[in-house]
Amino acid sequence: MASISRTEENYLKAIFQLCEQSDNPASTNAIAQLMQTAAASVTDMIKKLSKKELIHYQKHKGVRLTEEGNQLATNLIRKHRLWETFLVQKLQFSWEEVHEIAEELEHVQAEKLINRLDDYLGNPKFDPHGDPIPDAKGNFTFRKQIPLTDLSIGQTGVLVGVQDDTSPFLQYLNKLHLSLGTKLEILERFEYDGSTKILLDGDKEQILTHKVCMNLFVKMI
């Protein structure tokens, strides 16, 4: 397997995430936006990753990972999500605190450590944000989940994941007393701005904006 730098790992993870979201090749501009860097820097990195046979690049069509590139990216995601789970479950960090720490820990190159961490945590299938954790072979566990916006009035779902896992959004959800496992019943939708009135855990009414609802994944019950 190719020896790569931390920066190259981050690019592979970004390409994986972009391709996963759209099921299409990742464009140079999309990579630049996600990595918060200039398009010229992305172009230089694409050349490096292509030379190492970690990506397939077609001009004007975009970038996809090779089998080896996909394996490296999946392993990085596994480590990231396991560390997030460890920080929340064992060290009592809140879910909005762990992303940046896991960004550092994911680059630890110790397969034995990660496998033991996985076993210690009980081989979790999902991280604290509801994202699937790939196993040692790179297999993801998927479940039936839909955006809260897809629920009709009178229907109820359990919050199982978030699309936006940035600290500001998660802090906002904390203020609304929304966390994974919360039951959400749709009471009313407002045509004017698309906001939704919900009932939290059968107890408290709350109005959520359309933007918030789009970023919440639920499993119908």
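What follows draws every value from the coordinates through simple rules; no lab data is involved. The shown structure was predicted, so the numbers you read here are calculated from the model rather than taken from an experiment. Note: ideal-geometry Cβ built from the backbone for every residue, glycine included; neighbour counts use all protein chains shown.
Annotation for the stretch 128-221: trypsin sites (Lys or Arg not before Pro) lying in DSSP loop with at most 14 further Cβ atoms inside 10 Å of their Cβ are LYS137, ARG143, LYS144. For LYS197, a cut-off of 23 angstrom between C-alpha atoms picks up these lysines, skipping any fewer than 8 places away in its own chain: LYS175, LYS183, LYS211, LYS219. Applying the criteria of a DSSP loop state and at most 16 other Cβ atoms within 10 Å to the chymotrypsin sites (Phe, Trp or Tyr not before Pro) of the stretch 70-146 yields PHE93, PHE140, PHE142.
Each of ALA110, GLN58, SER41 was placed along the dipole of the chain (beta-carbon charges, centred on the mean Cα), and the one lying farthest toward the positive end is GLN58. Which of the three applies to the stretch 6-65, rounded, prolate or oblate, going by the alpha-carbon gyration tensor with a ≥ b ≥ c and a/c under 1.5 meaning rounded? Rounded is the answer for the stretch 6-65, as its axis ratio a/c remains below 1.5.
Among the chymotrypsin sites (Phe, Trp or Tyr not before Pro) in the stretch 143-221, which ones are in a DSSP loop with at most 12 other Cβ atoms within 10 Å of the Cβ? Mind listing them? Loop-located and lightly packed - PHE190, TYR192. Between ASP119, ASP135, ASP127, the Gaussian network model of the chain with springs among Cα atoms under 10 angstrom shows the greatest mean-square fluctuation at ASP119. To the nearest 0.05, what FRET efficiency results for THR156 and ASP44 with a Förster distance of 45 Å applied to their C-beta separation? Efficiency, rounded to the nearest 0.05: 0.35.
Each Lys or Arg adds one and each Asp or Glu takes one away; over the other residues whose Cβ falls under 14 Å from the Cβ of LEU49, this sums to +1.
Residues of the chain were split at every exposed loop site, defined as GluC sites (Glu not before Pro) in a DSSP loop with at most 14 other C-beta atoms within 10 angstrom, and the longest piece left, sites excluded, is 54-190. Only residues of the stretch 1-33 count here: report those whose backbone N is under 12 Å from the spot 7 Å along Cα→Cβ of GLU53, or say none. Backbone N within reach: 1-2. Annotation: amide H-H contacts under 5 Å for PHE126 (H modelled 1.01 Å from N, sequence separation of 5 or more, or interchain): ILE133. Karplus-derived 3J(HN,Hα) values for the stretch 164-170, using 6.51 cos²θ - 1.76 cosθ + 1.60 with θ = phi - 60°, are 9, 10, 6, 4, x, 5, 5 Hz; glycine and proline are entered as x. Cα centroids of the stretch 143-217 and the stretch 18-37: 27 Å apart. For the chain, a crude dipole built from +1 on the beta carbon of Lys and Arg and -1 on the beta carbon of Asp and Glu, taken about the Cα centre, is about 560 debye to the nearest 20.
Counting beta carbons within 10 Å around each of THR141, THR196, THR182, THR156 and listing the fewest first gives the order THR141, THR156, THR182, THR196. For the Cα trace of the stretch 1-127, dividing Rg by the Kirkwood Rh returns an Rg/Rh value of 1.00. Pairs of Lys residues in the stretch 35-103 that lie 8 or more places apart, or on two chains, and have C-alpha atoms under 16 angstrom apart add up to 5.
Extension gain, THR7 to ARG143: 0.36 nm times the residue separation minus the Cα-Cα distance gives 45.8 nm. Placing +1 on the Cβ of every Lys and Arg and -1 on the Cβ of every Asp and Glu, with nothing else charged, gives the stretch 137-221 a dipole about its Cα centre of roughly 380 debye.
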